[in-house]
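K.L.:
Starting off with a structure, shown below.
The values are calculated or read from the model by the stated rules, or taken from the named source; none is laboratory data. Since we're looking at a predicted model, the values are computed, not measured. We place every Cβ from the backbone using ideal geometry, glycine too, and count neighbours over all the protein chains shown.
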Amino acid sequence: MKNKSDRDPQAINNGSPSAALTPTAQPVADNADCSSPRRQFLTRATALLAASTALSGCASLSAGASDSSGAASPGPVAATRGATPVPRLKAGGRIAIVAPASSATDKVDEASRWLNALGFEVRIMPACRTTLPAPFDYLAGTDTARLADLHAAFAAPDVDAVWCLRGGFGSTQLLDKIDYALLRANPKPFIGYSDITALHAAIQRHANFVTFHGPMLSSDLLIPKQAPTEENVFAMIQGRVAPGVWFKPPAAFPLTALAPGVAAGRLVGGNLSLQCSVLGTPYEIDTRDAILFIEDVGETPSRIDRLLTHLRLAGKLASIKGVLIGNFSDLGEHPDEVVDPVVLQPLFRRIFEPLGIPVLAGWPSGHCDPNLTLPLGASIRLDTARGALLLERPIVV
């Protein structure tokens, strides 16, 4: 798998500069939430069990259950609970810079100065300044050092957000070592994408708070990005994107409805390759009743087909409610081969049409410019006709 965080986003998508993520003031009331009773008495008589099921109103799988096997129909659009909101980043707060995967030792001080200039205090975690010797020079320190940084950043009461310096390789090595109880007791905005997808999925499964698929410091924010990238990430983590209001990318970045409709669910996903890399582990993505977001870089159409088929065969498409397709770039076999992403649309239709769910493509998030932030784990609504998303519940408090 190619390094997914070292691509030049300007070479990927050179759109014209535009305003920040565009909200449209069209509030929508939440629908009533609905959850099933726990199946605590499996040995009761069949009649009593049936009565209990009838009274439940709706049913949901237990936290450890596997996905259902049949393709789900969209059904009524009802609000979903979503993951726990995190404390908002306040003006002047302290941000910890972490490197849970690869390093960018030449960028960390510049990243600190950039955040300082915006009025934030900064704590640079030690592994950000190290790189292991070959053949492990793709890692920012040992697993133990990178893990200690992650734990310390979340545990510190004076740290208000945890921001990844870059992606690269190595996040998956930490998954079975993380103290999820520590994270769960100290939720705070966690920002990153690409290789960081593995951490997003694991945190949602085992700590259950909202995380942010958004720009990283060295990979995105220290290069000339279009304005929406910076404006949107701070709007998300500081609470300026409100529940009940539709939001969409700027008009310069049109979307395509590959399958029309409206759907509601938890927003999950991220980098497609990383999602597949943790299938079959306790840290795999939970797609039950979810809106699935996918993006990738450096994968040919044939490999993207294989990755999506992998998700399907693993049952991860069986009960999703909708799909949000982000940026897919560098699709050629060679770096100088230019392939228009539109060639992927027949593939996406072939994979998703049998599910009978809404599919919205072209959302500018991932290895692209701009790289708009998405709140993973959040309860959202997707409407292909509007070309927009809506937060059904707060993502920060």
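K.L.:
The conditions are (1) within 29 Å of A235 (Cβ to Cβ); (2) in contact with a Gly (Cβ under 7 Å, 6 or more places away or on another chain); (3) at pLDDT below 95; (4) not aromatic (F, W, Y), and V338 fails exactly one of them. Which is it?
P.N.:
(1)
K.L.:
Take the conditions part of a loop (DSSP other than H, G, I, E, B), at pLDDT 95 or above, basic (K, R) and surrounded by 15 or more Cβ atoms within 10 Å (Cβ to Cβ) and apply them to R381. Does it pass?
P.N.:
no
K.L.:
Step by step: first the residues of region 233-244, then only those that are at pLDDT 95 or above and under 14 Å from R381 (Cβ atoms), then the one that is surrounded by the fewest Cβ atoms within 10 Å (Cβ to Cβ). Which residue is that?
P.N.:
That would be G244.
K.L.:
Residues to consider are L317, L308, L324; find the one that is surrounded by 18 or more Cβ atoms within 10 Å (Cβ to Cβ), in a loop (DSSP other than H, G, I, E, B) and not aromatic (F, W, Y).
P.N.:
None of the others qualify; the one that does is L317.
K.L.:
Looking at region 293-314, can you tell me whether even one residue there is small (G, A, S) and under 26 Å from T84 (Cα atoms)?
P.N.:
Scanning region 293-314 turns up no residue that is small (G, A, S) and under 26 Å from T84 (Cα atoms).
K.L.:
Next question, about the same structure. Residue under question is E299, and the condition is that it be surrounded by fewer than 16 Cβ atoms within 10 Å (Cβ to Cβ) and either outside any helix (DSSP H, G or I) or of a type in the set (D, E, K, R) (or both); does it hold?
P.N.:
In short, no.
K.L.:
Just to check your reading of the model, which residue among P250, P228, P254 is within 16 Å of W363 (Cα to Cα), in a helix (DSSP H, G or I) and modelled with pLDDT under 95?
P.N.:
P228
K.L.:
Quick one: which helices (runs of 4 or more DSSP H) sit completely within region 95-194 and have at least 1 residues that are of a type in the set (G, A, S) and crowded, with 22+ Cβ neighbours inside 10 Å?
P.N.:
108-117, 143-155
K.L.:
When the residues of region 245-281 are narrowed to those that are without any contact (Cβ under 8 Å) to a residue 60 or more places away in the chain and surrounded by fewer than 19 Cβ atoms within 10 Å (Cβ to Cβ), which ends up farthest from G356 (Cα to Cα)?
P.N.:
Looking at residues that are without any contact (Cβ under 8 Å) to a residue 60 or more places away in the chain and surrounded by fewer than 19 Cβ atoms within 10 Å (Cβ to Cβ), I get G280.
K.L.:
Which one of these is β-branched (V, I, T), within 19 Å of L272 (Cβ to Cβ) and under 19 Å from the mean Cα position of the chain (by Cα): I395, I351, I325, I357? Give the derivation first.
P.N.:
On the way: I395 fails: within 19 Å of L272 (Cβ to Cβ); I351 fails: under 19 Å from the mean Cα position of the chain (by Cα); I357 fails: under 19 Å from the mean Cα position of the chain (by Cα).
None of the others qualify; the one that does is I325.
K.L.:
Does any residue of region 267-276 turn out to be modelled with pLDDT of 95 or more, of a type in the set (A, V, I, L, M, F, W, C) and in a strand (DSSP E or B)? If you could, list the steps in order and put the result at the bottom.
P.N.:
Start the filter on region 267-276 by keeping residues that are modelled with pLDDT of 95 or more, which leaves 267-276.
Applying the additional criterion that residues be of a type in the set (A, V, I, L, M, F, W, C) yields 267-268, 272, 274, 276.
So of that shortlist, the ones also in a strand (DSSP E or B) come out as 267-268.
Yes - at least one qualifying residue is present in region 267-276.
K.L.:
Could you tell me how many of the residues in region 341-363 are part of a loop (DSSP other than H, G, I, E, B) and modelled with pLDDT under 95?
P.N.:
Qualifying residue count, region 341-363: 0.
K.L.:
Only one residue in N208, N232 is more than 22 Å from N371 (Cβ to Cβ) and among the polar types (S, T, N, Q). Which one?
P.N.:
Testing whether each residue is more than 22 Å from N371 (Cβ to Cβ) and among the polar types (S, T, N, Q) leaves just N208.
K.L.:
Enumerate the pairs (first residue in region 124-146 and more than 18 Å from I196 (Cβ to Cβ); second residue anywhere and among the acidic types (D, E) and assigned to a helix (DSSP H, G or I)) with beta-carbon separation below 7 Å, excluding pairs fewer than 6 apart on the same chain, so at least 6 apart or on different chains.
P.N.:
P126/D149
K.L.:
Being β-branched (V, I, T) and under 17 Å from E231 (Cα atoms) is the requirement here; does T384 meet it?
P.N.:
No, not satisfied.
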